[in-house]
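This report concerns only the one structure given below.
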Amino acid sequence: MSSYYIWFAAAVVLVIAEMATGTFYLLMIAVGVAAGGVAALAGLGVPAQTVTAALVAIACITALRRTRYGTLRRGTASTDPDVNLDIGQELDVSAWDPNGRARVPYRGADWTVELAPDTEPLPGRFRIVEVRGTTLIVSPR
């Protein structure tokens, strides 16, 4: 079996694994492995094929890290609606205490609710913008 078959089969396996993980890093490595297959088709020796695959994979990963798909998003879970499904939900507050807090029923339990900074303590409908432990931080909708 020719060595380029092995390189291209490995690239296909990496692309399939990439589909299971959902990151782009395995795809970049698969591009490098495919470049190793192209080097094998060009008649280069195994060490040159391996170096080609490694250099192309490193270049692709470096390029990926410079895009928005390769950067880590460091957000707080308390304000991320993808992590906490309560963010963005609405609730009614009938009265506020002098400290800007209230107890309201939400999802079958009483929750402590605090006003977001620079918000008037008026009764009404509010949107949850953050969750700190068992306290919901709300702002007017």
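Number of residues in region 92-106 that are outside any strand (DSSP E or B) and free of Cβ contacts under 8 Å to residues at least 12 places away in the same chain equals 3. Screening V51, V31 for residues that are over 30 Å from A116 (Cβ atoms), modelled with pLDDT of 95 or more and either out of contact with any helix residue (DSSP H, G or I) (no Cβ under 8 Å at 6 or more places or on another chain) or polar (S, T, N, Q) (or both) leaves exactly one candidate, V51.
With respect to (1) over 30 Å from P123 (Cα atoms); (2) surrounded by fewer than 11 Cβ atoms within 10 Å (Cβ to Cβ); (3) polar (S, T, N, Q); (4) at pLDDT 90 or above, the lone exception for S94 is condition (1).
Looking only at residues of region 1-24 that are under 18 Å from the mean Cα position of the chain (by Cα) and not in a loop (DSSP other than H, G, I, E, B), we find that the one that is surrounded by the most Cβ atoms within 10 Å (Cβ to Cβ) is E18. Across region 37-53, the number of residues qualifying as part of a helix (DSSP H, G or I) and of a type in the set (G, A, S) comes to 5. Look at V31 and say whether it is buried (at least 17 other Cβ atoms within 10 Å of the Cβ) and either closer than 21 Å to L55 by Cβ or not aromatic (F, W, Y) (or both). So V31 passes the test. With respect to the conditions (1) within 30 Å of Y25 (Cβ to Cβ); (2) loosely packed, with under 15 Cβ neighbours inside 10 Å, I87 falls short on a single one, namely (2).
Restricting attention to region 25-58, the residues that are more than 16 Å from F8 (Cα to Cα) and under 23 Å from the mean Cα position of the chain (by Cα) total 2.
The values are calculated or read from the model by the stated rules, or taken from the named source; none is laboratory data. Computed from a prediction, not measured in an experiment: that's the story for all the values here. Methodologically, a virtual Cβ is constructed for each residue, glycine included, from the backbone with ideal geometry; neighbour enumeration extends over all protein chains shown.
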